[in-house]
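None of the figures in this text is laboratory data; all of them are computed from the coordinates on show. Every value quoted in this text rests on a predicted model; they were computed, and no experiment measured them. Heads up, the Cβs are rebuilt from the backbone with ideal geometry, glycines too, and the neighbour counts pull from every protein chain shown.
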Amino acid sequence: MVYLTRKCEFSASHYYHNPEFTEEENKRVFGKCANLNGHGHNYTLEVTVKGEVDPKTGFVVDLKSLKDVLNREVIDAFDHRHLNKEVPEFATQIPTTENLAIAVWNRLQKHFQVAELHRVRVYELPDLFVDFYGEA
Amino acid sequence: MKAHLTRRYIFSASHRLHCDELSPDENRAVYGKCNNPHGHGHNYALEVTVSGQVDPSTGMVCNLAALDEAVQREVLERFDHVNLNVRPEFTSEVPTTENLSEVIFNILRQSFSSAHLEKVRLEETAMNSFEYVGGAELRT
């Protein structure tokens, strides 16, 4: 079993706001992130897949296919966009780093048949990241 | 959905690796330059990983400000800009980064309850890092 990790970057804006909270609650829970004009981050995404090495190709996964899927499912959808306003998942969910990692997992999972998706890691900042392993 | 959140912190401290049960020659043989009598220092990078269900109302595993506050109060105020050898945590243990990882894990396990503490990872230098998961196997 070999684990392969592909890294990519995207930049996006967002804000945190729960319409069921009062304005005071939103400010207390989310702090500066509750500013409805939004703010942005340079995100780094690391996607790790695992599988047996194909004896013919020496690959766990075709890296070009992986890059194509990442570009189509994540970069095209998230990069230089407003997550709350332009990404369907975040019409109803708060675009925290936790929910971003889950959304990326859900977008990628259906594309892996031979290799298996192992982990999605999203860095919101160099000192803050979330890992999601597909656990309920 | 269960997610793991990791936050990174920096602190600086000095230490000297020395074991009273070893002779001066043995200490020098085991610890090398780290046994120099007046100690030396490092910029430590601490990564704290917590896990839990993502709260649907906040989208979060735990309140990040609460984690920062706990680490600031319990770890950084204790160990930043101090000599680790004179701290009570190291009166009977050598302040290696192995031992420091365990000490920090145990402090945080007691003082932070908003999410499950999974792991402490401590970089002593850019070349050396140590991970402690409370005695469990490290997850890839």
Inset, instruction - Among what's in segment B:9-56 and is among the charged types (D, E, K, R) and not in a helix (DSSP H, G or I), pick the residue that is nearest to B:Val82 (Cα to Cα). - result: B:Arg16
Inset, instruction - Report the residue count in segment B:18-41 for those that are on the phi > 0 side of the Ramachandran plot, exposed (fewer than 14 other Cβ atoms within 10 Å of the Cβ) and within 21 Å of the chain's Cα centre (by Cα). - result: 0
Inset, instruction - Only residues that are closer than 17 Å to A:Tyr16 by Cα, among the small types (Gly, Ala, Ser) and within 9 Å of chain B (Cβ to nearest Cβ): list them for segment A:91-136, please. - result: A:Ala101
Inset, instruction - Check off (1) of a type in the set (Phe, Trp, Tyr); (2) within 13 Å of chain B (Cβ to nearest Cβ); (3) free of Cβ contacts under 8 Å to residues at least 60 places away in the same chain for A:Phe59 and give me the number that stays unchecked. - result: (2)
Legend entry - Tally of residues being more than 11 Å from every other protein chain (Cβ to nearest Cβ), surrounded by 12 or more Cβ atoms within 10 Å (Cβ to Cβ) and part of a strand (DSSP E or B) across segment A:8-19: 5
Legend entry - Subset tally (residues that are farther than 25 Å from B:Arg139 by Cα, part of a helix (DSSP H, G or I) and not β-branched (Val, Ile, Thr)) for segment B:67-103: 13
Legend entry - Residue satisfying all of: in segment B:1-30; in contact (Cβ under 8 Å) with a residue 12 or more places away in the chain and of a type in the set (Lys, Arg); farthest from the other protein chains (Cβ to nearest Cβ) among these: B:Arg16
Legend entry - Residue that is nearest to the other protein chains (Cβ to nearest Cβ) [pool: residues in segment B:64-103 that are without any contact (Cβ under 8 Å) to a residue 60 or more places away in the chain, in contact with a helix residue (DSSP H, G or I) (Cβ under 7 Å, 6 or more places away or on another chain) and under 23 Å from A:Thr97 (Cβ atoms)]: B:Ala65
Legend entry - Matching residues, segment B:56-77, being loosely packed, with under 15 Cβ neighbours inside 10 Å and of a type in the set (Ser, Thr, Tyr): B:Ser57
Inset, instruction - Considering (1) within 14 Å of chain A (Cβ to nearest Cβ); (2) over 26 Å from A:Asp127 (Cβ atoms); (3) not β-branched (Val, Ile, Thr), say which one B:Leu46 fails and leave the rest. - result: (2)
